[in-house]
Amino acid sequence: NVEEEQSTEKYREGLSKTRTGFTSKINDLVARYRKVDEDFFEELEEVLLQADVGFETVIELMEELRYEVQRQNVKDTSNVQSVISEKLVEIYEAGDQELSELTFAESGPTVILMVGVNGVGKTTTIGKLAQRLKNEGKSVMLAAGDTFRAGAIDQLDVWGQRVGVETIKQSEGSDPAAVMYDAVRAAKSRNIDVLICDTAGRLQNKVNLMNELQKVHRVIAREIPGAPHEVLLALDATTGQNAMIQAQTFKEVTEVTGIVLTKLDGTAKGGIVLAIRNKLNIPVKFVGLGEKLDDLQPFDPQKYVYGLFA
Ligand code: GDP
């Protein structure tokens, strides 16, 4: 399957920094120790922690590794890598797998709300997602719900034009809920399959953010029962612990159904995928592996692990 091959290749390319930062360190360890012993485990733990895998996940992984190494009677460090790969996939897939796919409305427009702090790649992600859905044969519309940040409306509009989909917008400073109302009505009347809504990304004022997102939510749900079908949170993989804090905050103010982890290609600490899964219990639905339109890929733990050790 050509598409699957291309996607796997994207993972391999996109994770090259992580391979130099993380995988090569594991390889060094393997070469240096040869025999699996306690010192080896300790250094391995350190490498995992440095790759943003997250404390809890590292502890869990190390426990499982020790167990597997004993059970399979692995003595030689060169066999440890395959055990690590297996365990990484297992840990990731321990949750509900279907959760990593997008939920679509049974009839009428599917509404996807994009949330996230400014600069994480939210607008770019909307453009890429619109392109992806369009390629699948769906009709797509955008809603310029970030009426606060200067230039946000135009930026979204430019993406819309590039992809060839309409953007519903009002002037800067207008009420985001009013934009959403217009957009939802337009999507319904024009039989649009998917409406992707941008939102403001002000985290400085949590109460404002919560009020705004709740209002937007209400307006959408009133027009389309069951909507929004997805609330996707964009997080920047290069920001490590900050991304985790943002996720916690957004989880408190709205019902996040999935995460888009952007700029995974820009970090050597690609282990953050695992930390998010384990600590927040929100599925990573897409990863950003570059700046091009087709660099947004559905998250796939198998391809991810392949990319780590390719
Ligand atoms: P927003 O403020 O959250 O809407 O952020 P933008 O969508 O404007 O993106 C900010 C910058 O991040 C832009 O320069 C994008 O090209 C870049 N960007 C977004 N996603 C990715 C990605 O997956 N990989 C890389 N390398 N850059 C990205």
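The values are calculated or read from the model by the stated rules, or taken from the named source; none is laboratory data. Nothing here was measured: the structure is a model prediction, and the numbers come from that model. Using ideal geometry, Cβ is built from the backbone for each residue, glycine included, and neighbour counts are taken over all protein chains shown.
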Suppose we filter Val179, Val120, Val115 for residues that are buried (at least 22 other Cβ atoms within 10 Å of the Cβ) and in contact with a helix residue (DSSP H, G or I) (Cβ under 7 Å, 6 or more places away or on another chain); which single one remains? Val115
Can you tell me which of Ser100, Ser107 is among the small types (Gly, Ala, Ser), more than 16 Å from the ligand (Cβ to nearest atom), crowded, with 18+ Cβ neighbours inside 10 Å and within 30 Å of Pro176 (Cβ to Cβ)? Ser100
Which pairs have Cβ atoms under 6 Å, sit 6 or more apart or on different chains, and link a residue in the stretch 286-310 that is of a type in the set (Lys, Arg) to one that is in a helix (DSSP H, G or I)? Lys303/Thr8; Lys303/Tyr11
(1) within 12 Å of the ligand (Cβ to nearest atom); (2) out of contact with any Ser or Thr (no Cβ under 9 Å at 6 or more places or on another chain); (3) not acidic (Asp, Glu) all hold for Lys122 apart from (2)
In this structure, is Glu172 surrounded by fewer than 16 Cβ atoms within 10 Å (Cβ to Cβ), more than 21 Å from the chain's Cα centre (by Cα) and in contact (Cβ under 8 Å) with a residue 24 or more places away in the chain? yes
Count of the stretch 5-36 residues which are surrounded by fewer than 16 Cβ atoms within 10 Å (Cβ to Cβ) and over 25 Å from Asp236 (Cα atoms): 7
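For the stretch 1-117, please list each of the helices (runs of 4 or more DSSP H) lying entirely inside it that holds at least 2 residues being touching a Lys or Arg at 6+ places or on another chain (Cβ under 7 Å).
Answer list for the stretch 1-117: 2-14, 38-50, 55-71.
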Count of the stretch 150-197 residues which are of a type in the set (S, T, N, Q) and within 15 Å of the ligand (Cβ to nearest atom): 2
In the stretch 156-169, how many are assigned to a helix (DSSP H, G or I) and crowded, with 18+ Cβ neighbours inside 10 Å? 4
Tell me, which residue of the stretch 223-271 that is within 13 Å of the ligand (Cβ to nearest atom) and hydroxyl-bearing (Ser, Thr, Tyr) is nearest to Leu296 (Cα to Cα)? Thr262
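Look at the stretch 130-149 and say how many of its residues are crowded, with 24+ Cβ neighbours inside 10 Å and within 16 Å of the ligand (Cβ to nearest atom).
Kept after step one, since they are crowded, with 24+ Cβ neighbours inside 10 Å, are these residues of the stretch 130-149: 130, 140, 142-146.
Filter once more, so that each one left must be within 16 Å of the ligand (Cβ to nearest atom): 130, 142-146.
Summing the residues that are crowded, with 24+ Cβ neighbours inside 10 Å and within 16 Å of the ligand (Cβ to nearest atom) in the stretch 130-149 gives 6.
When you scan the stretch 194-310 for strands (runs of 3 or more DSSP E) that lie fully inside it, which ones turn up with 2 or more residues that are of a type in the set (Val, Ile, Thr), under 14 Å from the mean Cα position of the chain (by Cα) and buried (at least 20 other Cβ atoms within 10 Å of the Cβ)? Give the derivation first.
Details: elements: 194-197, 230-236, 258-262, 284-288, 296-298.
Here the list reads 258-262, 284-288.
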For the stretch 254-310, enumerate the residues that are at pLDDT below 90 and on the phi > 0 side of the Ramachandran plot. Asn281
Can you confirm whether the stretch 132-155 contains a residue that is touching a Phe, Trp or Tyr at 6+ places or on another chain (Cβ under 8 Å), in a strand (DSSP E or B) and not small (Gly, Ala, Ser)? yes
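Does Thr124 satisfy the condition of being assigned to a helix (DSSP H, G or I) and not basic (Lys, Arg)? Full working, then the answer.
Numbers: assigned to a helix (DSSP H, G or I): yes; not basic (Lys, Arg): yes.
Here the answer is yes, as Thr124 does meet what is asked.
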Just the residues that are farther than 20 Å from Gly271 by Cβ, of a type in the set (Val, Ile, Thr) and either modelled with pLDDT of 90 or more or surrounded by fewer than 16 Cβ atoms within 10 Å (Cβ to Cβ) (or both), please, taken from the stretch 37-76. none
